[in-house]
Every structure is written in C-alpha cells, then in structure tokens.
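A quick write-up on the structure given underneath.
The values are calculated or read from the model by the stated rules, or taken from the named source; none is laboratory data. Computed from a predicted model, the values in this text were never measured in an experiment. FYI the Cβ positions are ideal-geometry reconstructions off the backbone, even for glycines, and counts take in every protein chain you see. Ligands, DNA and RNA are excluded from the accessible area calculation, which covers all protein heavy atoms including side chains. Shrake-Rupley method; radii C 1.70, N 1.55, O 1.52, S 1.80 Å.
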Amino acid sequence: MDAMDRQTVHEDYERARRTFHQLLDTATAAELTRPTNGTRWTNEQLLWHMFFGYLITRVLLPLVRLFSRLPDGASRAFARLLNAVTRPFDLINYAGPCGAVKVFTPRRTAAAFDRVIDSLNRRLAAEPEEFLARGMHFPVRWDPFFTEFMTLADIYRYPNRHLEFHRRQLTLGG
C-alpha cells in the first residue's frame, strides 16, 4: 500500500464539508423533495445518505482495528456473512434516509455533518502510522466502493468517494 497523505485526506474532508453545506444551503424546499437521478430517494434523502457515509466510517474504523488483529479468516468469514445478508441491508440502507429526514432537518444534518468531519479529522491526526496499513475483508456487495480487502487508510478515504459519487445523482438547481 502507498503511504497515506493525511494532509490530502484532511483537505478532502474540508472540501466535502464546504460542498455539503453549499448543497444544503442553496437547495430550496421544492428541490429537496425532487426525485434524484438513478435512485429512489429524493434529494434530501440522498443528501442524508451521503452524510451517512461519514457516519458509517466512524463505525468501520474500530471494526477494522479489531479484525486486523484477528486471523485473516475471521474477517473473511464476516465479509461472507455480510454479503449473504445484502438484501436486508439494502432495505435498511434505503429506509434509513427516508426516516432520517423526518427527524433531521437540513440544518440539523449540516451541524451533524460538521461534528462527524471534526471527529474524523481528529481520529486521522491521532492514528499511528503503522495502523493505517492494517485492514480486513469487506462485503463487496454492500457498496461499490468496498473492495475485497480494505485498510484503515482506505476507510478514511471512503466517505469522500461515496459523497462525490452520489453528488452526481442529485437534481438540485436549474
């Protein structure tokens, strides 16, 4: 694995923060309820799903730390199990943003996004260099950005890739 350029990832998080705020700040109420391109979500729901990519990253980091200490077969078996339950995961993954936007207004989502970005920046800054190369097997059927084996460095990069992918599916603006 190539050495991770932490500064680039920090800058990517800050660029994502600005992008996310700009999307929320400029979207009208009518635009937020408009369907997206290529998903069953509205723009508001997809924005929440984009935020969720950062939330899940905070969960994945300790999971990778744990499985990286176990024999390789442990994470391989875990990934197979998760791949086997892809259909229920897909339902939950779809329904989550549908319900979340009923509780999280765009303003609350933006504030929560800031807290998560701040948390990821702190965690990355404190991460021992040797830990960044540790990894585990992943359920490749769950997300197009999950690969068979991902390191902590890959996980820190994941949410920005996820956000950029979904940003192209938004139908905000003229």
- What value, in deg cm²/dmol to 500, does the helix sum -39500 (n - 2.57) over DSSP H runs of n ≥ 4 give at 222 nm once divided by the residues of the chain? -22500 deg cm²/dmol
- Task: Report the full-extension gain for the segment ARG58 to ALA29: residue separation times 0.36 nm, less the Cα-Cα distance, to one decimal in nm.
- Result: 7.5 nm
- Task: For ALA126 paired with ALA77, estimate the spin-label separation in nm (one decimal), with each label point 7 Å from Cα along the Cα-to-Cβ line.
- Result: 3.2 nm
- Query: In the range 6-113, what percent of the accessible surface is made up of carbon and sulfur (1.4 Å probe, ligands and nucleic acids excluded)?
  - Reply: 62 percent
- Between the range 9-62 and the range 116-165, what's the alpha-carbon centroid distance in Å? 17 Å
- Message: What do you get for the angle between helix 106-126 and the principal long axis of the chain? Use alpha-carbon atoms, 0 to 90 degrees, nearest ten.
- Response: 20 degrees
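Restricting to Cα pairs below 8 Å that are 6+ residues apart, what does the relative contact order work out to for the chain? Please round to a whole percent.
Values: 176 pairs, mean separation 67.1, N = 174.
Contact order relative to length: 39 percent.
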- Task: Exposed loop trypsin sites (Lys or Arg not before Pro) only (DSSP loop, at most 12 other Cβ atoms within 10 Å): please give the longest stretch of the chain free of them, not including the sites.
- Result: 70-167
- Item | the range 90-174: GluC sites (Glu not before Pro) falling in loop per DSSP and having at most 16 other Cβ within 10 Å | GLU148
- Options (1) 136; (2) 111; (3) 216 for volume of the Cα convex hull per residue in Å³; the value derived from the coordinates is listed as (2)
